[in-house]
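Asks: This is the structure I want to talk about, given as structure tokens.
The values are calculated or read from the model by the stated rules, or taken from the named source; none is laboratory data. These figures come from a predicted structure and were not determined experimentally. Reconstructed Cβ throughout: ideal geometry from the backbone, glycine too, with neighbour counts over all protein chains shown. To get the accessible areas, we keep the full protein, side chains included, count just its heavy atoms, and leave off ligands, DNA and RNA. Shrake-Rupley method; radii C 1.70, N 1.55, O 1.52, S 1.80 Å.
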Amino acid sequence: GLFALDTLNPNAWGAGADYMNRSAADVIFTQEVKLPSGDPCNNAEQTARNAKWKLAVEPCLVTAKGGKSAGTAVATRSYIGMSLPKAVEHSQGLHAKGHFGMRRVAAMGKGGIHCGSAYLFSGVGIAAKCNLDLLDTMAFTIAGLVGPWILGGDWNCTPAELEATGWLKKIGGVVHAPQTATCNGKVYDFFVVDATISHNVHGTYTIGDAGLTPHSPARLIIR
């Protein structure tokens, strides 16, 4: 009756794919996959299928000079259903490209749970307009969902800093974060859980032996 959900920023899809093949999780949220739309995403999703995972990638931003930035993904074990809700499909264009993706996962309760991978902008602070705008568009998507949700992300801020924005009250979310640091001495990788199912969370932990740098994954255990 317990499910494990991991969130991680591997800084590129190669390391993310390697972690996916080693992880014991049921669902994985990934940030900074840096996969452009088209063949790179299609190839990654096919590779995941070969490894008995379902993968949904939100493509990254490609700059004028060919640089790749952001990109998120949600993955589930192949025996767990995953679909694209209408509320997510219709609002995806509102989000900064590559910074938020969500799917409905047919597990963890009747009707399933919506699972979203979030990557806030780094180096500018949570109060920067780009981050506040992203939080607003995410709140819009969440408001359109029918059923509970869980967000895993590299928030590029601490739980306290996120709470100070007032966003958690706006969406009815509860932070579940590990006690030990996930990136450069701080907890930046954690989960925000719909308050209606928050009581089902058993714990959240840092996975310190994943071999990734500078981020360590975080794992949430839920009934």
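Asks: Tell me the net charge near A25. Cut-off is 12 Å between Cβ atoms, A25 excluded, with +1 for each Lys or Arg and -1 for each Asp or Glu.
Replies: Counting the neighbours of A25, the net charge comes to +1.
Asks: Counting alpha carbon pairs within less than 8 Å and at least 6 residues apart, what relative contact order, in whole percent, applies to region 101-192?
Replies: 27
Asks: Which one of S83, F121, I150 has its Cα pushed farthest toward the positive end of the charge dipole of the chain, where Lys and Arg give +1 and Asp and Glu give -1 at the Cβ?
Replies: Of the listed residues, the answer is S83.
Asks: While we're on this one: From the square roots a ≥ b ≥ c of the eigenvalues of the alpha-carbon gyration tensor of region 15-137, which class results: rounded (a/c under 1.5), prolate (a/b over b/c), or oblate? Mind dumping the intermediate values first?
Replies: Working: a/c = 1.83, a/b = 1.30, b/c = 1.41.
It is oblate, given that a/c is not under 1.5 and a/b is not larger than b/c.
Asks: Also: At R0 = 25 Å, how high is the FRET efficiency between T165 and H90 if r is their beta carbon distance? Nearest 0.05 is fine.
Replies: 0.50
Asks: May I pose another question? Length gain on complete extension for the stretch F140 to N43, per 0.36 nm per residue less the alpha carbon to alpha carbon distance?
Replies: Extra length available between F140 and N43 comes to 31.8 nm.
Asks: May I pose another question? Explain nothing, just the number: dipole magnitude of region 1-115 about its Cα centre with +1 on each Lys and Arg Cβ and -1 on each Asp and Glu Cβ, in debye rounded to the nearest 20. Could the numbers behind the result be given before it?
Replies: Values: 13 positive and 8 negative charges, 32 e Å.
The dipole magnitude comes to about 160 debye.
Asks: Among the complete DSSP H segments of the chain, which ones combine at least 18 Å of alpha-carbon extent along their axis with a mean Kyte-Doolittle hydropathy of 0.5 or more?
Replies: Sorted by number, the helices that extend far enough and score high enough are 129-143.
Asks: Here's a follow-up. In whole percent, what relative contact order does the chain give with Cα contacts below 8 Å and a gap of six or more residues?
Replies: 19 percent.
Asks: Whole Å is fine, so just give me how far the alpha carbon centre of region 4-65 lies from that of region 170-223.
Replies: Spelled out, the Cα-based centre of one part sits 19 Å from the other.
Asks: Which percent of the accessible heavy-atom area of region 64-113 goes to carbon and sulfur, probe 1.4 angstrom? Don't jump to the answer; show the numbers that get you there.
Replies: Working: 1260 of 2380 Å².
Carbon-and-sulfur percentage of accessible area, whole number: 53.
Asks: What is the set of long-range amide H partners of S122 at a cut-off below 5 Å, with H atoms built 1.01 Å from backbone N?
Replies: Residues meeting the criterion, in which the H sits 1.01 Å from N, do not exist here.
Asks: Mind putting a number on the dipole of the chain about its Cα centre? Charges go on the C-beta only, +1 for Lys and Arg and -1 for Asp and Glu, and I need it in Debye to the nearest 20. Numbers along the way, then the final one.
Replies: Values: 19 positive and 16 negative charges, 77 e Å.
The dipole of the chain has a size of about 380 debye.
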